[in-house]
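**Q** Below is a structure I'd like to ask you about.
Any read-out appearing in this document is the output of simple, stated calculations on the displayed coordinates, not a laboratory observation. On a predicted model such as this, the values are computed, not experimentally measured, just so you know. All Cβ positions, even for glycine, are placed from backbone atoms using ideal geometry, and neighbour counts span all protein chains on display.
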Amino acid sequence: MPGAQNTKFRTFTISVLGRTLEHLGNQLYKRREPAIAELIANCWDAHSSNVWIQVPLEEEYSTETSEISIEDDGCGMSEDNVQDNYLVVGRNRRAEADTEESDSADVTKEKTTRAVMGRKGIGKLAGFGMAKQMIIRTWKDGESTEFTMDCVLLKNKQNKADEVPLQGRIDPYNETSKPSGTIIRLRQLKHKTPIDIKKLKESLARRFSRKTRGEMKIYINGAPLGEPTLDLEFAFPEKSYDSDCPAGEQFHEEEIIPGGPKVLYRYAFHKGVIPQSEMRGFTIYARGKTAQAPPFFFNIEGKASGQHGTKYLTGDIEADFIDSSDDDESDIISTDRQEIDWDSEGVIDFKKWGEELSRRLLREWAARKGEKFEETVLQNPALGERITSLDPASQRDLKKHLKTISQSNPDSEDSLRLADSLVTVYEFEQFHNLTTELDAIGDDPEKMTEFLDYLSRWGALESRAILTIIKGRLDLIQKFETMLVNNAPETAPNVGTDNLHDLIGRFPWILNPDWEIFSEEKKVSTQLREWHYEDIREEDKRLRYDFLAIANDAEMVVIEIKRPEHALTIDDAQRAEKYRDRLSSAHSDIRICIVCGKIALNKQDAENWKNRKDGEILHWATVVQRTKKRYEHYRAVLEKDIKHPDFAGKKAEVAKTRTILHPGSAYRDKTERAKGVGPSKP
């Protein structure tokens, strides 16, 4: 450290309106990964070759004493650069990149051709999303400048603008190994939980393109940031995910529209489900940094064929054209670099291209999995011989259904059990009527799995067993109806007491056969922690939902149940909304379902709920009616009521199925056509 005689002091100033700086840091960078990524982007713009990130280890973490630091070997800043450029919030760095006003204009090293990542001039505040205090030390040309920004001192009264003084220190700097650079130390950390270092590495590797990480090495606690670990089944281009793949061969070039902008992309299919959601789908890069965060499939995943492939597909797209200009008006990327404005005219063709690419790749995944699974089943000694002994028409239909099974859970041993159930359905004539239900399921892998799993798990591959199950469900529906008539309690007041919560917990198909209960009676705070959400409020510890169900890949449902005689109030409805709102902090697609016997809402509130797309209020009577309808038409068969129309309908359906399956033709002559179409319900 140089002597005091070589040190000088300077008062820097920064303009502050109210609590603007604190709010910018807090609101735009709540999560640590994007906040650190924003500070790394500043290192890139400073022409750094290396960035060193130090984060506290889990066992050493303390909000009061721990420190996060980001250091680079970039161009550094002089004391005038600090005042005239760095402390100007909202400065458009790109517009100044080639002028003498830029803080990197007089870089001592040879000036690079890097595209500037920064644009809005507020990324420097990202540290305030993690800490209350930022200590900045920067050096160049033999001189070091250090100052502190403290969010407590940067607050002004509401709507009051002022120049806030920042005391700085300028010292001689003689270290030759790092002639220029900057280090930012974050102190008085805000998050109560330690940083998940593994997750941080995965996130940063996904937030910066491979090209960027090739030109600027990133180190976390001394270890270089490498490629995410992936067990790939297929990659395009073939070697694009190899660590030694040359930069020019990592992507395939594709033209979006004739004469229009071009993008670079690569993709791969993982052998199993990709465990990290951030590794699924596409990341879209502009200027080497995330513009659209993963998992992203151009919003087609809920409607595309082979949608289960979203858990297996990973890819990168470089689209520099979406961030090619310097003016603020054309900026279509959110400040935290999480999302592109897809309604913007400039990306309409890009969006169409991406939608088609995503659909094609999901179809490709489904075809690959289907072919691989079919080959596995046919080569299985216990199954292959049984399949080849079936008639050609049954073999053809069975193979089609095998492809559907493969999309649901292609890599588990359970798939072979489901395949065994499927083969058995075709082997026994008494089950030929079930092929009608298989055809009705079509290519929906979830319903196919549910159907075959239902048959297999309950040992229902004998007609008597199937009817026993249906009888059991009808009896349960009758018990359910009796409990409602007797105003059964929502939860058990005493041990052994019948209650609605336990009945639904044991038999969730009563509410909706398409829902799968994810968890029950859990505090919102506990659920948020399990989803790795860190901004837990005190109120979350007092909120406890009844059930949380999975409706499909993207959507979850908060379920609240009330006893039959309880009249639903606006407080009840708002409480359910509060559960949904807080859980939505960590899971974007959650809706509400409230089940009750009576409603005490005013006319306007009731109408509002009726028109909501993100929630519904169901009467218990509606639930009973809907569930009974699903199984009641089997009762005539159970009771051997041969005079009942339902019994005759099932008998006729079996006869028709056998007539079609034996000759192998579905042809109807004029007499058959005159009889009209067959029954539509199973």
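**Q** Give the order of Trp515, Trp620 when sorted by the count of other beta carbons within 10 angstrom, beginning with the fewest.
**A** Result, fewest neighbours first: Trp515, Trp620.
**Q** OK, next. How much net charge surrounds Phe234 when only the other residues with a Cβ under 10 Å from the Cβ of Phe234 are counted, with Lys and Arg +1 and Asp and Glu -1?
**A** -1
**Q** For each of Ile387, Ile300, count neighbouring Cβ atoms within 10 Å of the residue's Cβ, then give the residues from fewest to most.
**A** If I rank by nearby Cβ atoms, fewest first, I get Ile300, Ile387.
**Q** How much length is gained on full extension from Glu632 to Glu345, taking 0.36 nm per residue of separation minus their Cα-Cα distance? Please report the intermediate quantities before stating the final value.
**A** Values: separation 287, 0.36 × 287 = 103.32 nm, distance 5.31 nm.
So the extension gain works out to 98.0 nm.
**Q** Of the listed peptides 524-535, 476-487, what is their order by residue-averaged count of other C-beta atoms within 10 Å, with the highest listed first?
**A** Top to bottom by mean Cβ count within 10 Å: 524-535, 476-487.
**Q** I would also like to ask the following. Please arrange Cys151, Cys43 by counting, for each residue, the other beta carbons lying within 10 Å of its beta carbon, fewest first.
**A** Working: Cys151 21, Cys43 25.
Neighbour counts put them in this order, fewest first: Cys151, Cys43.
**Q** Moving on to the next point. Name the shape class, rounded, prolate or oblate, that the alpha-carbon gyration tensor gives for the range 348-410, where a ≥ b ≥ c are the square roots of its eigenvalues, rounded holds for a/c under 1.5, and otherwise prolate holds if a/b is larger than b/c and oblate otherwise.
**A** Judged from the Cα gyration tensor, the range 348-410 comes out prolate (a/c at least 1.5, a/b above b/c).
**Q** Loop only per DSSP, at most 15 neighbouring Cβ atoms within 10 Å: give me the GluC sites (Glu not before Pro) in the range 563-614, ordered by residue number. Could the numbers behind the result be given before it?
**A** Working: sites: Glu565, Glu577, Glu607; in loops: Glu565.
For GluC sites (Glu not before Pro) across the range 563-614 that sit outside H, G, I, E and B with at most 15 neighbouring Cβ atoms in 10 Å, the list reads Glu565.
**Q** Run through every distinct alpha carbon pair of the range 474-630 and return the Kirkwood hydrodynamic radius in angstroms, one decimal place.
**A** By the Kirkwood definition, the hydrodynamic radius is 16.3 Å.
**Q** Any idea how far the Cα center of the range 484-555 sits from the one of the range 335-357, in Å?
**A** For the range 484-555 versus the range 335-357, the Cα centre distance is 37 Å.
**Q** With 28 Å as the limit, write out which pairs from Lys311/Lys562; Lys124/Lys217; Lys403/Lys628; Lys562/Lys628 have Cα-Cα distances beyond it, or answer none. Each step should come with its number before you reach the end.
**A** Working: Lys311/Lys562 36 Å; Lys124/Lys217 20 Å; Lys403/Lys628 32 Å; Lys562/Lys628 20 Å.
Violating the 28 Å limit, Cα to Cα: Lys311/Lys562; Lys403/Lys628.
**Q** Also, quick follow-up: Once you order the gyration tensor axes a ≥ b ≥ c over the Cα atoms, which shape class does the range 514-573 get: rounded for a/c under 1.5, otherwise prolate or oblate by comparing a/b with b/c?
**A** oblate
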